[in-house]
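The values are calculated or read from the model by the stated rules, or taken from the named source; none is laboratory data. This one's a predicted model, so the numbers in the text were calculated from it and none came from an experiment. Quick reminder, even Gly has a Cβ in these numbers, built from the backbone with ideal geometry, and neighbours come from all protein chains shown. Quick note on the areas: whole protein, heavy atoms, side chains included, nothing else; ligands and nucleic acids left out. Shrake-Rupley method; radii C 1.70, N 1.55, O 1.52, S 1.80 Å.
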Amino acid sequence: MNQTEEVLVSIVMPSYNAEKLIGRTIESVLSQSYVYWELLVIDDCSKDSTRDVVNDFVKHDSRIRLIALDKNNGAPATPRNIGVGEAKGEWVAFLDADDIWHPKKLEVQLHSMAELNVPFSSSLSRNFKDDKGIYNDEVDDAPAYENITFAMQRFKGRIANSSVVVRRDLLLKYPFNEDIRYKAVEDYHCWLRIHKEIGYSIKVQSVLLNYRIVEGQISGSKLYMLKTMFMLHQEFSGSSLFKAILFTISHAVGGFINKFVKRGF
């Protein structure tokens, strides 16, 4: 891959009290085979030493920038939107402050999107709890892929946030919903709206994301997620009560399979 012909990718990473994990996450960005990126860490007013950890990286790599917010927003939607607004790249990739990328993550997805002329891609992921579970095995430069349609995504969430690479103009048109009621589903809601416009995206059939399972994370609260998902589908354009119930149940079943059977997306 001739990287001199490639475009800038803006990596948007919200952070909050992530001092223990964010360093390893940033290292996975520094290890990327694709080098034309900028990393925007949007710190949501952490109370620990997260900013000090990030600033240590900033000192050694001009591609990394810390955006320090002066008040906490209570959810990652606002920091993500701020990051997208500050991004200089045509493409935006998202990475949560505790997840880990495969070293060829950006290269493989960007190559696949260029070959297929699509504006949105994701990848397979694998769950892990400690560094022993990180998957960095060799992957094909041109792996197989699956088309993810709007209908498929609505029936079951198939896109892990930290696996997404998307054209920035789509995110400006369909920003993350900052309503606190959408906490933990703001990414799913964003992908739905984008897919309704573009029709489909591609999901690279290689594990390019290591998704960290952390005790107490809100996406692991089953009752909260069921209530929030029902609210989302009930409020989504063109929804009926029946559809809201159907899609909530299908999403819950899909989430169970992803977490306990496939152990990843």
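Sorting 224, 182, 174 by accessible area (1.4 Å probe), largest first, what list results?
224, 174, 182
Out of all DSSP beta bridges in the chain, what portion is antiparallel? Express it as a percent rounded to 5.
In the chain, approximately 35 percent of DSSP beta bridges are antiparallel ones.
In 5 Å bins starting at zero, report the fraction of Cα pairs in region 130-200 per bin as a rounded %.
3, 13, 21, 22, 15, 13, 10, 3, 0
Using the per-residue mean of other Cβ atoms lying within 10 Å as a proxy for protection, in what order, highest first, do the peptides 134-142, 244-252 fall?
Top of the packing list down: 244-252, 134-142.
Which peptide among 46-56, 64-74, 19-29, 101-111 comes first, and what is the full order, when sorted by highest mean count of other Cβ atoms within 10 Å?
101-111, 19-29, 46-56, 64-74
Any chance you could check the Cα centroid distance between region 113-151 and region 9-86 for me, in angstrom?
Centre-to-centre (Cα) distance: 22 Å.
Which value in Å is the Kirkwood Rh of region 1-112 over different Cα pairs?
So the Kirkwood estimate lands at 14.1 Å.
Only four residue types carry charge here, +1 at the Cβ of Lys and Arg and -1 at the Cβ of Asp and Glu. Report the dipole size of the chain about the Cα centre in Debye, rounded to the nearest 20.
Computed charge dipole of the chain: roughly 1080 debye.
Could you check the simple spin-label distance between residue 63 and residue 250, using points 7 Å along Cα→Cβ, in nm with one decimal?
Each label point lies 7 Å from its Cα, and together they span 3.9 nm.
Could you state how much accessible area residue 226 has, in square angstrom rounded to the nearest 10, with a 1.4 Å probe and all protein chains kept in place?
Probe radius 1.4 Å; accessible area of residue 226 about 80 Å².
May I ask you to work out the translational diffusion coefficient for region 146-254 at 10 °C, viscosity 1.306 mPa s, via Stokes-Einstein with Rh from the Kirkwood sum over Cα pairs, reported in whole µm²/s?
Taking Rh from Cα pairs, D becomes 108 µm²/s.
Using the eigenvalues of the Cα gyration tensor, what equivalent ellipsoid semi-axes result for the chain when each is taken as the square root of five times the eigenvalue, whole Å, largest first?
Semi-axes (√(5λ), whole Å): 27, 22, 18.
Which pairs, out of 104/132; 47/105; 20/47, put more than 22 Å between their alpha-carbon atoms?
From 104/132; 47/105; 20/47, over 22 Å: 47/105.
Sort the following peptides by mean Cβ neighbour count (other Cβ atoms within 10 Å, averaged over residues), highest first: 144-154, 35-45.
Highest-to-lowest ranking by the protection proxy: 35-45, 144-154.
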